1. Since Ser129 meets every condition but one in (1) buried (at least 17 other Cβ atoms within 10 Å of the Cβ); (2) closer than 27 Å to Thr210 by Cα; (3) touching a helix residue (DSSP H, G or I) at 6+ places or on another chain (Cβ under 6 Å), which condition does it not meet?
2. So Ala145 ticks every box in (1) more than 25 Å from Lys7 (Cα to Cα); (2) crowded, with 17+ Cβ neighbours inside 10 Å; (3) modelled with pLDDT of 95 or more but one. Which box is left unticked?
3. Within the group Gly14, Gly97, Gly30, which residue is more than 21 Å from Leu205 (Cβ to Cβ), in contact (Cβ under 8 Å) with a residue 12 or more places away in the chain and either part of a helix (DSSP H, G or I) or more than 19 Å from the chain's Cα centre (by Cα) (or both)?
4. Just checking, which of Thr147, Thr170, Thr221 is of a type in the set (Ser, Thr, Tyr), under 24 Å from Gln94 (Cβ atoms), in a loop (DSSP other than H, G, I, E, B) and touching a residue at least 60 places away in the same chain (Cβ under 8 Å)?
5. For Gly81, indicate whether it is more than 19 Å from Ile118 (Cβ to Cβ), part of a loop (DSSP other than H, G, I, E, B) and in contact with a strand residue (DSSP E or B) (Cβ under 9 Å, 6 or more places away or on another chain).
6. Conditions first: (1) farther than 17 Å from Ala58 by Cα; (2) surrounded by 18 or more Cβ atoms within 10 Å (Cβ to Cβ); (3) of a type outside the set (A, V, I, L, M, F, W, C). Arg95 passes all but one, so which condition is the exception?
7. Condition test on Leu39, is it assigned to a helix (DSSP H, G or I) and closer than 22 Å to Ile18 by Cα?
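The values are calculated or read from the model by the stated rules, or taken from the named source; none is laboratory data. Being a predicted model, the structure only gives us computed values, none of them experimental. For neighbour counting, all protein chains shown are included, and Cβ atoms are generated from backbone atoms with ideal geometry for every residue, glycine included.
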Amino acid sequence: MFDFDNKVAVVTGGARGIGKCICDKFREAGAAVCVIDLLPNGYFTGDLADKQVLERFAKKVIDDFGRVDFLINNAAPKSCGIRGGSYEDFEYAQRVGVTAPFYLSKLFAPHFAEGAAIVNISSSRDRMSQPETESYTAAKGGISALTHAMAVSFSGKVRVNSISPGWIDTNGTVYEGADALQHPSGRVGNPPDIANMVLYLCSDLAGFITGENICIDGGMTRQMIYHGDHGWRLDAEK
């Protein structure tokens, strides 16, 4: 469906899960893929929270390929809450989830090819939360806002969009019953649901789309929930 021959895609957090699926899809479409992850991945292993690591990674990409066509800021920040999370935990999550996407975009700015695109992976947590998820939610809200800011700053040079995944299973589990049916789509999501949209947003088919956030969550954030409605009940702590 997509032809990315001779294109260079940079993917953060590409060693497993959604990130790995994104890398696989780019490779299937002919692109060269440059990964940075804490886990070994065959290209570059390092901590996105470290400024010097980001600089070394960016230098390697440019030394190897001379340009960047697509930057996918996918790496997930640490999740901690108001009770158990320390100052350092929260700060680290923001460095991975917001600062690294900003700084990589800045480092690659002189090297983006014509028709380049950035896709930031946010989360439906940018608009809804569970208890004790403050660091993750703040980082995902930050990258959603960073997206439209960068879209304006990169106007005419790079298109910048974000995707907010909902519940995406990365273990191949098939969910049935309430877990599936609570989604208006009737199922839990999987990594290709996100990866296919990433490639679309990087393609010429999306040439008039920039500054947008696309929520891919099977419709969960569109479904109104009331106590007692459709058998749903809240058992509040006493």
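1. The single condition Ser129 does not satisfy is (1).
2. It is condition (2) that Ala145 fails.
3. Gly97
4. None of the other options fit; the residue is Thr170.
5. No; evaluated as a whole, the condition is false for this residue.
6. All conditions are met except number (1).
7. no
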